[in-house]
Structure formats: C-alpha cells, structure tokens
Amino acid sequence: MFKGFYKKNNTRTVPFLEILLMAAETLWSNKLRTGLTMLGVIIGIASVIAITSVGQGVQKSVEQQIQALGTDVIQILAGAPRSGNVRQGLGSTSTLTWEDAKAIAQQAPSAEIVSAYLQRNAQVVYGGENTSTTIYGTDLNYPEARNTHPQEGRYFTQQELDSSAQVAVIGPTVQRTLFGQGGTPIGEKIRIQGEAYDVIGITEPKGSQGPMDRDDQIFIPLTSMSKRLVGNNALTGVSVSGILVKSSNQEQLEAAQFQVTNILRLRHNIYPPQVDDFRLTNQADIVSTFTNVVGLFTIMVVAIAGISLVVGGIGIANIMLVSVVERTREIGIRKAVGATNSAILNQFLAEAIVISIVGGGIGIGGGILIAFASATIFKFPFVISMISIIVGFGLSLTVGLIAGVIPARNASKLDPITALRSD
C-alpha cells in the first residue's frame, strides 16, 4: 500500500496526483462512511444551485409576462374618494370616468394611446356549461394598450361601441370551458348575467400572470358594460375601473406620469395638501420591484442553504478525526519506514479534498436536475448561472480544505513509537 511513497527508506516528493489517487483508494475502501461524509456537502451544493436557478427562472418568467403587457404602460386605478374633508375607504366608489381618459388623450402630449375599462366578475353560460370569469368593458384602444389582439375573428367596432352592441371577444380559457377543446364559438351566443352576447372573436393566448389567468377573460363594449352589467354612472360621466396610458417609448413614461397626474388633479379639484383619489402604477417599476424582491429572497434562501455546507464541513472534520484515531497504527508504520510529517499531512488533507470535490460534483449535478425538474413541472424558464456553479464548487473545495486541516495536522504530529504501540 505504501509503494510509491517511499523508496529504499529514502523519502521523496510524492506527486499530488499520486496522493489524490491514494486518498481515493482509501476512501473507496470505506464506502458507507465516505458517502455519509459527503452527504452534507452534496445537499448544500445542490440546494444553492437549485434555489438560485429556480429564483432566476421565476424572476425571468414574471418579467416576460409583465413585458408582454408593455413596460411603457401606466395604469391608473381608482383610489379613495373624499366626502368633504373625510377620505372614504379605498374602492368604495369609482373616482375615474371615461371622460378623464378622453381628457388625458387630448391634453397629455406624452400619451400615445389611452384606454378606459370597466372590470367585473360575472357568471357566463352557454348551453349546459357555465363559468365564472372576468368581464372587461373596454373602448377600441384597449387591444393596443394591453397588447391583447384577437387570434380568430375580430374586435368590436366604433359603431358597436356607440350603439352598446351586445358582442363579446372571449379568451382561450373561456373558449375551452364553454365550448370544449377545439370548439368554434364565433357566431354563437353566450349569456352574461342573463344577457345574450354574440361571440365575434377569440383573443390570442397570454398565459398566467401570477394567480391571474389572462386567458380567462371576456371583452365587451364599455357602453354595454356600463349600461347593462354595472348600471352605475358617476355624476361627471361613465364610471370606469381604470385607465391605461401607453407612451411612445419607455423614456417618455416619467413625462406621461407627470402630465397625467396634473390633468387628473385639475379635473378632480385636488390641491395640496389634499390626497389624490387615484393611483398610478408603472409597469417598469413593477418589474424592478419584483426583481429586487426575488433577488433578496434568493440571497436569503441561499444563505440558509449555505448553513448545510457548514454542517457538511463539520461532518468531514469529525469523520477525518475519527479516521486519524482508527489509522494510528498505519500512520506509525508509515513514519517508521520514512514518511515525513508533510507526507502524512498531505495524505489526510487530500482525502478531505477528494470528499469535497466528489461531493461538490454530485451536488452540482443534483442541483441542475432539481432545477430542470422544477422548471418543467411549474413551467418557467430553465436558467442555470455559471456563477452559482463556480461559487458552489469553490465553496465545496474550501469546506474540504478547512475541515481537513486540523485532522491532517493531528495525524502528521503523531509520534511513530506511540502510534506503533496503538491497537
């Protein structure tokens, strides 16, 4: 076993590769103990890589969904109305009107497209099938503002909007629920809260945005929604749930936001220090905020996973200390035939490094497999960062070095005579 370590009782410098091979041979002879020692490192590295990958994949998925809606869009939502000097509860009544949207379109130079909409949940029936879905009453600008166009059929026309026509454009989820897979609903009649509507189009699939299925929607003319389904108009015009403002490019968003805020404050007679009765949200800000939140969450979870690496390092140190005690006589024999302290030190240090390298390699493979399986099952982009792999492997190597130093030093300092007397 010691061949190559010594030659005619004269010490020689042992190549590092030979030391690693000897360490691997020793570890292989104790497979169970070696496997249990590696487990902490494997779990730690796999956790770091899998969590980092899943976090980046989810982040990319949400960014793609938000960008599909347009990062150059401002959404204006109704805030809390005021009664005298008392501010009422948020959403108690609508504070936005269709006339507000028209004023923004005319007076805000940075607003390229402006669209008002009403939103309600309602029961929809076709034949013996029914479903609860979200109904949007919109104007003609909504498809451009929200990047939602029909893939079959058409959107309603200005004449249909003016005449409060009972026509509807449905989403793919509604189509599948009411008409079955592959069913052709165009030309059929559906009933929304008891009112009959002709289906004239099917929107292109958009997928889910968080818990919201953007394909589970129906679009009808805003005038039809206001008169037939909602039935409440503001004193100053037709009440709406929100207004979408799309600028010519993302650089114009800040100017558009400033202009929209001032226009609405003037129209609603709001002056400092009064609080706005509307809220503005910026899609680009949503992307930035979500990216920051996911990034912080990923860092936190990776830090927690790193604790298992520390546990793995403690496991390596414990096993190596036990190994020194078990192999005391072997160490004594090596020293008796000429092995130097540095040779013994390198041998035990190499064993710790081999455990870390092999454990790190298995952990990297396991982390990639877990990340791929998660991306496949939950349908988000599969993203693997080379930085996480490099950092993970570097951590495993560092853990091995640190955990192996003390046991290796203890082994190298054993007195050969005392060691030979050991049972």
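Across region 133-185, Cα pairs under 8 Å and at least six residues apart give a relative contact order of 25 percent.
Taking 275, 169, 73 as the candidate residues, the one with maximal mean-square fluctuation in a Gaussian network model of the chain, Cα springs under 10 Å, is 275.
When the accessible area of the chain is split by element with a 1.4 Å probe, what percent falls to carbon and sulfur?
The nonpolar share, carbon plus sulfur, comes to 59 percent.
Taking the 0 to 90 degree range and rounding to the nearest ten, how far is the long axis of helix 98-107 tilted relative to the main principal axis of the chain, both from C-alpha atoms? The angle comes out near 80 degrees. Relative to the first principal axis of the alpha-carbon coordinates of the chain, what is the inclination of helix 16-28, with its axis defined by its Cα atoms, in degrees from 0 to 90 and to the nearest 10? Taking the Cα atoms of the chain, the angle to 16-28 is about 80 degrees. For region 157-265, GluC sites (Glu not before Pro) meeting the loop criterion (DSSP other than H, G, I, E, B) and having at most 16 other Cβ atoms within 10 Å: 188.
Where does helix 31-69 land angle-wise versus the long Cα axis of the chain, in degrees 0 to 90, nearest 10? Roughly 20 degrees, rounded to the nearest 10.
Lysine pair count for the chain with Cα-Cα distance under 24 Å and sequence separation of 8 or more or different chains is 17. For the chain, the solvent-accessible area of protein heavy atoms averages 50 Å² per residue (probe radius 1.4 Å; ligands and nucleic acids excluded). Relative contact order for the chain: 29 percent, from Cα pairs under 8 Å spaced at least 6 residues apart, divided by residue count. Using C-alpha pairs below 8 Å separated by at least 6 residues, the relative contact order for region 330-423 is 58 percent. With loop membership from DSSP and a limit of 13 other Cβ atoms within 10 Å, the longest segment of the chain without trypsin sites (Lys or Arg not before Pro) is 155-378.
Over the residues of the chain, the helix contribution to mean residue ellipticity at 222 nm works out to -17500 deg cm²/dmol, using -39500 (n - 2.57) for each DSSP H run of at least 4. Taking the charge dipole of the chain about its Cα centre, with +1 at Lys and Arg Cβ atoms and -1 at Asp and Glu Cβ atoms, the residue from 331, 349, 199 reaching farthest to the positive side is 331.
Where (i) 35, 25, 22; (ii) 71, 24, 16; (iii) 51, 22, 19 are the candidate values, the label of the one calculated here for semi-axes √(5λ) of the Cα gyration tensor in Å is (ii). Candidates 125, 240, 171 compared by Cα position along the dipole of the chain: farthest toward the positive end lies 171, with charges placed on Cβ.
The values are calculated or read from the model by the stated rules, or taken from the named source; none is laboratory data. Here the structure is a predicted model, which is why all the values come from computation and not from measurement. Neighbour counts are summed over all protein chains in view; Cβ atoms, including those assigned to glycine, are modelled from backbone coordinates with ideal geometry. Keep in mind that these areas ignore ligands, DNA and RNA; they rest on the heavy atoms of the full protein, side chains included. Shrake-Rupley method; radii C 1.70, N 1.55, O 1.52, S 1.80 Å.
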